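Notes to accompany the following structure.
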Amino acid sequence: GENVEQHPSTLSVQEGDSAVIKCTYSDSASNYFPWYKQELGKRPQLIIDIRSNVGEKKDQRIAVTLNKTAKHFSLHITETQPEDSAVYFCVAFSTSGTYKYIFGTGTRLKVLA
Amino acid sequence: NAGVMQNPRHLVRRRGQEARLRCSPMKGHSHVYWYRQLPEEGLKFMVYLQKENIIDESGMPKERFSAEFPKEGPSILRIQQVVRGDSAAYFCASSPQGGVYEQYFGPGTRLTVT
């Protein structure tokens, strides 16, 4: 079945450094890749997304890259701040499939002040 | 425009009782998705419904779990004879139609089985 692998599971960085989270998906029909940030006890919040017709998208300190051939996509956070500390999930989705989000296993990011 | 609403936000049930979780989609949305998040894990798809139709229930456990989305009223996720392993956060999401990219998540219901 569909699967999304996410690495690393935990990541600690110093404030101001960059953080990179990587995901690999299995369903070649996937064409939409959102990233969610989840703080403790809260709902997942969409922070950035990318569609399969582009290779990179940036929004201030956050960027996402997509390599469709390799089925890899990554989240890059620059100039990290303590409030970036949370669990981040990548998702793969296909508009031609069953319309369910396939979530990665999550990365717990801790930004050390 | 109110977002996706879920209630209750917290639900405590004893083993063997029934749990009913409700989800009201965003206004104008007729597609609802339920996801389960076990502690320290990612969200797992359970079921996808349109009004009066179950489209995909491939993530639903075969027994004790059921879902509906009636013509009027919220979508209901029902868990019969709950067990401790059902303790989790249950999130629903909605979209205006199938095959669109964005799903909008509700705040979740945290079910605790004692």
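The values are calculated or read from the model by the stated rules, or taken from the named source; none is laboratory data. The structure displayed is predicted, hence computed values, not measured ones. When we count neighbours, we look across all protein chains shown, and the Cβ atoms used for this are built from the backbone with ideal geometry, even at glycine. SASA here: full protein model, heavy atoms, side chains in, ligands and nucleic acids out. Shrake-Rupley method; radii C 1.70, N 1.55, O 1.52, S 1.80 Å.
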Accessible surface, 1.4 Å probe, highest first, among residues B:LEU49, A:LEU11
A:LEU11, B:LEU49
Enter the accessible area of A:THR105 (Å², nearest 10), with the probe set to 1.4 Å and all protein chains included.
90
Can you give me the relative contact order of chain B as a percent, contacts being Cα pairs under 8 Å and 6 or more apart?
37
In the full protein assembly as shown, how much of B:PHE69 is accessible to a 1.4 Å probe, in Å² to the nearest 10?
10
Taking N as the number of residues in the range B:1-111, the ratio of its alpha carbon radius of gyration to 2.2 N^0.38 Å works out to 0.99
Taking the Cα centre of each part, how many Å lie between the range A:63-82 and the range B:1-73?
31
If one puts a single equal scatterer on every Cα of the protein assembly as shown and applies the Debye formula without solvent, what log₁₀ I(q)/I(0) results at q = 0.11 Å⁻¹?
-0.56
Heavy atoms of the protein only, probe of 1.4 Å, neighbouring chains included. What is the accessible area of B:CYS23 in Å², nearest 10?
0
Heavy-atom accessible area ranking, 1.4 Å probe, most first, across B:VAL12, B:VAL4
B:VAL12, B:VAL4
When the charge dipole of the range A:24-113 is computed with +1 on Lys and Arg Cβ and -1 on Asp and Glu Cβ about the Cα centre, the Cα farthest towards its positive end, among A:ASN31, A:LEU66, A:VAL54, belongs to A:ASN31
Run the simple label-point estimate for A:THR10 and A:SER52 please: 7 Å along Cα→C-beta, distance reported in nm.
3.6
Residue-count net charge about A:LEU40 - beta-carbon cut-off 15 Å; Lys, Arg +1, Asp, Glu -1
+2
